[in-house]
Amino acid sequence: MTPETRSGAAAGPPITGEAASAGTRQAGRSLSWLYYVVLPVLFVLVWSLLTDVMAVFPGALLPSPVKVATAFVRSIASGELTDNIAASLQRIFYADLSALALGVPIGLAMGLYQRIEKLLDGLLSLFRPIPPLAWVPLSILWFGIGTVSIVFITFLSAFFAILVSTIAGVRSLDKLHVRAALSLGASRRRLLTHVVLPTTLSSIFTGLRIAIGVSWMSIGKVCGSPPSQRCTAELINGGANDAADHGVKALESKRPASLAKP
């Protein structure tokens, strides 16, 4: 065995292009978490520089990260923040569950049957562009100032997102699958449960994901109690004695000097 042969055997098999690319991908995955950390850290550093070091903004208008963190810890320790978040989560849960229970059947019916679509499309298209905030006066008249009104406003925001996604999922159904199931003797019920629903399920979950997002945005719009004093965060409070109101606390945190307190 020549020296060149021995050195080649000791070096091992040559590295192929696939192995090199796999190593590059592995290194990229191991460093991918840095992309999610660098920008937030830079943001906090610039924020602290503008408020603590350079004092470009007064503390009443833009509190420093330290003051925000202190207020955050204080609200958690007192239990105030957790109670407020729990109240908002409960309202969003009721609203999204109702929207899911009503939006999916109507969406399936409109996507499968043209007569139902022609019957309901005009009415739903009339109400869908109305922003949730425009329903606040009617919801107060119908349900009063309380949790039911907040759930109603949040339900309207989530309902149309789930409805539209369900209709789109049904329309994406391959007609060949329907014809194949019918040719094999599938009934209407089995066609719905074994063909339509599995195909539409991904669109339904997409609509539910969008509905949860718009629910949080709408519950932040829906005023405290009394309404004449607070007019933009949870426009409908849970009542005069309901302290667990995440939207009202969000509104109060926007007021000057709310976080500048020692």
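The values are calculated or read from the model by the stated rules, or taken from the named source; none is laboratory data. Just so it is clear, the model here is predicted, and its values are computed rather than measured. Quick reminder, even Gly has a Cβ in these numbers, built from the backbone with ideal geometry, and neighbours come from all protein chains shown.
Quick notes on this structure:
- In a residue-by-residue description of region 158-176, the property of being part of a helix (DSSP H, G or I), over 18 Å from Met110 (Cβ atoms) and more than 16 Å from the chain's Cα centre (by Cα) applies to at least one position.
- Scan of region 121-157 for residues that are farther than 21 Å from Met217 by Cβ, part of a helix (DSSP H, G or I) and either among the β-branched types (Val, Ile, Thr) or modelled with pLDDT under 85 (or both), ordered by number: none
- Hits in region 125-148 (condition: surrounded by 11 or more Cβ atoms within 10 Å (Cβ to Cβ) and either of a type in the set (A, V, I, L, M) or in contact with an Asp or Glu (Cβ under 9 Å, 6 or more places away or on another chain) (or both)): Ile130, Leu133, Ala134, Val136, Leu138, Ile140, Ile145, Gly146, Thr147, Val148
- Region 177-195: number of residues that are surrounded by 12 or more Cβ atoms within 10 Å (Cβ to Cβ) and either among the hydroxyl-bearing types (Ser, Thr, Tyr) or assigned to a helix (DSSP H, G or I) (or both): 11
Conditions tested, residue by residue: (1) in the same structural domain as Phe93 (by TED's automatic domain parsing); (2) in contact with a helix residue (DSSP H, G or I) (Cβ under 7 Å, 6 or more places away or on another chain); (3) basic (Lys, Arg).
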| position | (1), (2), (3) |
| --- | --- |
| Arg115 | yes, no, yes |
| Lys118 | yes, no, yes |
| Ser125 | yes, no, no |
| Thr154 | yes, yes, no |
| Phe159 | yes, yes, no |
| Ser165 | yes, yes, no |
| His177 | yes, yes, no |
| Leu184 | yes, no, no |
| Ser203 | yes, yes, no |
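- Taken together, Asp83, Asp96 contain a single residue that is at pLDDT below 90 and over 24 Å from Val41 (Cβ atoms), which is Asp83.
- Lys118 over 26 Å from the mean Cα position of the chain (by Cα), buried (at least 16 other Cβ atoms within 10 Å of the Cβ) and either modelled with pLDDT of 90 or more or not in a loop (DSSP other than H, G, I, E, B) (or both): no
- Count of residues meeting criterion [modelled with pLDDT of 75 or more and either of a type in the set (Lys, Arg) or in a loop (DSSP other than H, G, I, E, B) (or both)] in region 198-241: 1
- A count restricted to region 54-69 and to residues that are in a helix (DSSP H, G or I) and more than 16 Å from Val41 (Cβ to Cβ) stands at 1.
- Cβ pairs under 7 Å, 6+ apart, first in region 85-108 and in the same structural domain as Ser149 (by TED's automatic domain parsing) and more than 17 Å from Ser202 (Cα to Cα), second in a helix (DSSP H, G or I) and of a type in the set (Phe, Trp, Tyr): Ile92/Trp216; Ala95/Phe155; Ser98/Phe155; Leu102/Phe159
- Residue within region 70-78 that is under 26 Å from the mean Cα position of the chain (by Cα), within 30 Å of Trp216 (Cα to Cα), part of a helix (DSSP H, G or I) and modelled with pLDDT of 90 or more present: yes
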